[in-house]
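Participant: This is the structure I have questions about; it appears just below.
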Amino acid sequence: RRRIAENGLASLRARDVTQDAGCALGGLYTAFRDLDELVLHVNSATLGMLEGELVAELSGETDPAGQLRILAHGYLRFALANRNLWAALFEHRLPEGVEAPAWHLDKHMFLIQFIARPLAALNPNMSEEDLRIRALTLFSAVHGIISISLEGRFVGIPAGRLESELDDFVALLAAGAAAGRP
């Protein structure tokens, strides 16, 4: 975890991990099938950190639009404070033909559930499938806004405007959901 946090996923090497742990290279493979499995565990722990922070930030907020705003801002703050760990969540690719284990995929779904709850409160008539798709859309949009902006892409939002643009975007989506649009 420390190696990814400090240097990013691209520089992670099994030899460095075992050196840090004070064991032989083969020692890594007694605990993990391969380096990919180790990264899955680190990423799951990162998602656990994010979940804990978002739960704490949501505490006491009952307004659904306010909850969506808190989630967007919390996600931004987490990305800023944990750049390399956050990036590793999206940079890591399993080898062709290897599927992520269910326990890891389940860890990702808390974000979608956090988003779906306030959306359901804003539009209680939305079907489960529409709600799931809308939550995925909102996550993808917020993640894209943050990711492109933090990467400094020419289409990214300037740092000084990122929070206010997230606010406006989430407010627009919440208003649309409250208006009953599926």
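Participant: What pairs can you find where one residue is in the stretch 20-46 and within 22 Å of Asp106 (Cα to Cα) and of a type in the set (D, E, K, R), the other is open to solvent by 40 Å² or more (accessible area, probe 1.4 Å) and outside any helix (DSSP H, G or I), and their Cβ atoms are less than 8 Å apart, with a gap of 6+ or different chains?
Facilitator: Filtered contacts from the stretch 20-46: Asp36/Leu94; Asp36/Pro95; Asp36/Val98.
Participant: Follow-up question, since we're still on this one. Restricting attention to the stretch 80-99, which residues are in a helix (DSSP H, G or I) and either loosely packed, with under 15 Cβ neighbours inside 10 Å or of a type in the set (Lys, Arg) (or both)? Write out each step before concluding.
Facilitator: Filtering the stretch 80-99 for residues in a helix (DSSP H, G or I) gives 80-81, 83-91.
Scanning the stretch 80-99 gives Leu80, Ala81, Arg83, Phe90, Glu91.
Participant: Against the condition assigned to a helix (DSSP H, G or I), among the small types (Gly, Ala, Ser) and closer than 21 Å to Arg1 by Cα, how does Gly66 come out, does it pass?
Facilitator: Criteria not met by Gly66.
To keep it simple, each residue is scored yes or no on (1) more than 25 Å from Val42 (Cβ to Cβ); (2) in contact (Cβ under 8 Å) with a residue 12 or more places away in the chain; (3) among the basic types (Lys, Arg); (4) part of a loop (DSSP other than H, G, I, E, B).
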{"residue": "Asp106", "(1), (2), (3), (4)": "no, no, no, no"}
{"residue": "Ala120", "(1), (2), (3), (4)": "yes, no, no, no"}
{"residue": "Val142", "(1), (2), (3), (4)": "no, yes, no, no"}
{"residue": "Ile146", "(1), (2), (3), (4)": "no, yes, no, no"}
{"residue": "Ser149", "(1), (2), (3), (4)": "no, yes, no, no"}
{"residue": "Phe154", "(1), (2), (3), (4)": "yes, no, no, yes"}
{"residue": "Arg161", "(1), (2), (3), (4)": "yes, no, yes, no"}
{"residue": "Leu166", "(1), (2), (3), (4)": "yes, yes, no, no"}
{"residue": "Phe169", "(1), (2), (3), (4)": "yes, yes, no, no"}
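Participant: What residue, among those in the stretch 108-140 that are small (Gly, Ala, Ser) and either more than 19 Å from the chain's Cα centre (by Cα) or closer than 20 Å to Gly180 by Cα (or both), is surrounded by the fewest Cβ atoms within 10 Å (Cβ to Cβ)?
Facilitator: Out of the qualifying residues, it is Ser127.
Participant: If you take the residues in the stretch 16-33 that are buried (at least 16 other Cβ atoms within 10 Å of the Cβ) and β-branched (Val, Ile, Thr), which one is nearest to Leu89 (Cα to Cα)?
Facilitator: Ranking the qualifying residues of the stretch 16-33, first place goes to Val17.
Participant: A further question on this structure: So if I check each of Gly160, Gly176, which one is among the small types (Gly, Ala, Ser) and either within 17 Å of the chain's Cα centre (by Cα) or modelled with pLDDT of 90 or more (or both)?
Facilitator: That would be Gly160, the only listed residue that is among the small types (Gly, Ala, Ser) and either within 17 Å of the chain's Cα centre (by Cα) or modelled with pLDDT of 90 or more (or both).
Participant: From Gly176, Gly180, Gly156, Gly144, which residue is in contact with a Ser or Thr (Cβ under 6 Å, 6 or more places away or on another chain), open to solvent by less than 50 Å² (accessible area, probe 1.4 Å) and not acidic (Asp, Glu)?
Facilitator: Gly156
Participant: Within the stretch 49-68, is there a residue that is surrounded by 15 or more Cβ atoms within 10 Å (Cβ to Cβ) and among the β-branched types (Val, Ile, Thr)?
Facilitator: Checking the stretch 49-68: not a single residue is surrounded by 15 or more Cβ atoms within 10 Å (Cβ to Cβ) and among the β-branched types (Val, Ile, Thr).
Participant: Among the residues of the stretch 34-44, is any modelled with pLDDT under 95 and either outside any helix (DSSP H, G or I) or open to solvent by 50 Å² or more (accessible area, probe 1.4 Å) (or both)?
Facilitator: Yes, the stretch 34-44 has at least one match.
Participant: Pick out the one residue from His104, His108 that is in contact with a Ser or Thr (Cβ under 8 Å, 6 or more places away or on another chain) and closer than 25 Å to Ala88 by Cα.
Facilitator: His104
The values are calculated or read from the model by the stated rules, or taken from the named source; none is laboratory data. Because the structure is a prediction, the values reported are computed rather than measured. Glycine also receives a Cβ, built like all others from the backbone with ideal geometry; neighbour counts cover every protein chain displayed. All accessible areas refer to the heavy atoms of the entire protein, side chains included, with ligands and DNA or RNA removed. Shrake-Rupley method; radii C 1.70, N 1.55, O 1.52, S 1.80 Å.
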